[in-house]
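Please read the structure below before turning to the comments.
The values are calculated or read from the model by the stated rules, or taken from the named source; none is laboratory data. Since we're looking at a predicted model, the values are computed, not measured. Quick reminder, even Gly has a Cβ in these numbers, built from the backbone with ideal geometry, and neighbours come from all protein chains shown. The protein model used for the area step is the full one, side chains on, heavy atoms only, and it has no ligands, DNA or RNA in it. Shrake-Rupley method; radii C 1.70, N 1.55, O 1.52, S 1.80 Å.
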Amino acid sequence: KCPIMAKAKRAATPDSRREPLLDAAAELFASKGYAGTSTRDIAKAVGMLPGSIYYHFRSKEEILLAVYHEGVSRFTAALEVALETTSDPWEQLERACVTHVSILLDSGPYARIIAPEFIRSFPPEIRKELVAERDRYEKGFEKLIGALPLKPDVDPWLLKAALFGSLNWTPTWYHSGRYDAATIAKSFLRFFSSVLDDPKNVQGQL
């Protein structure tokens with residue numbers, strides 16, 4: 001298991017009675033898909049009677065939303081942990097990127113569910129809620145990018161979109177052994193910083 005996500009898990013959901021249910025649902029949604037998973041499957045995975053699951057959730061859709069919220073909370077908590085000991089804008093963004101890629105390459109169930117391709121097949125009303133949850137996490141990156149000494153003509157939101165697109169694509173092409181998560185994230189960010197940093201700011205160098 002990814003140590004970054006494990007630490008974030010403790011920070012995000014301490015002593016949660018619903019945690020085993022959410023973990024089981026995340027694993028099943030990630031491996032079998034949302035449509036291929038029933039509430040009976042989730043209940044069975046945690047040794048619960050099928051009807052007992054409705055004590056915690058009213059529907060499978062509500063379970064999905066709770067799982068997605070939990071995943072976003074763990075990503076966010078991991079991000080907060082990574083930023084605890086530095087205030088330098090570029091270093092903060094670098095640590096955030098390394099954390100993000102590390103979780104993605106761990107291929108845990110929450111990482112697979114948060115991935116953009118997971119939600120593309122859902123109806124618009126559900127997809128809208130899931131995207132809103134994901135945006136909550138990405139706003140942390142928007143804040144970090146907003147603190148950078150960027151050139152005046154750089155759009156921070158578009159920079160975030162371009163950077164996230166690069167980072168999120170990593171699991172598609174990644175093969176273990178050639179690069180590690182830190183090397184990938186730092187290299188991507190270096191590519192961006194070399195053309196985005198305001199040359200008048202001498203502290204904006206990685």
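Kirkwood-type hydrodynamic radius, region 62-121: 12.4 Å, calculated from all non-identical alpha-carbon pairs.
Per residue, region 32-87 exposes 51 Å² of accessible surface when a 1.4 Å probe is rolled over the protein heavy atoms with every protein chain present. The sum of -39500 (n - 2.57) across all DSSP H runs of n ≥ 4, divided by the residue count of the chain, sets its helix-only mean residue ellipticity at 222 nm to -21000 deg cm²/dmol.
For the set 153, 180, solvent exposure ranked by accessible area (probe 1.4 Å, protein chains only) runs largest to smallest as 153, 180.
A DSSP coil position with no more than 10 other Cβ atoms inside 10 Å describes the following GluC sites (Glu not before Pro) in region 29-127: 84. For 170, 183, the ranking by accessible surface with the largest value first comes to 183, 170, using a 1.4 Å probe. Leaving out ligands, DNA and RNA, what percent of the accessible area of region 84-206 is carbon and sulfur, probe 1.4 Å? Solvent-exposed carbon and sulfur of region 84-206 make up 54 percent of the total. Using a Gaussian network model of the chain in which every pair of alpha carbons under 10 angstrom is joined by a spring, one finds that among 71, 36, 140 the greatest mean-square fluctuation is at 36.
Here region 82-206 was treated as a single set of alpha-carbon atoms; its pair distances binned every 5 Å from 0 give 2, 10, 20, 22, 19, 14, 8, 4, 1, 0 percent.
Could you list, in their original order, any pairs among 32/143; 32/186; 139/186; 60/186; 160/186; 60/128 whose Cα atoms are separated by more than 27 Å? Long pairs (Cα-Cα over 27 Å): 32/143; 32/186; 60/186.
Dipole check for the chain: with +1 at the C-beta of Lys and Arg, -1 at the C-beta of Asp and Glu, and the Cα centre as origin, the magnitude is about 500 Debye.
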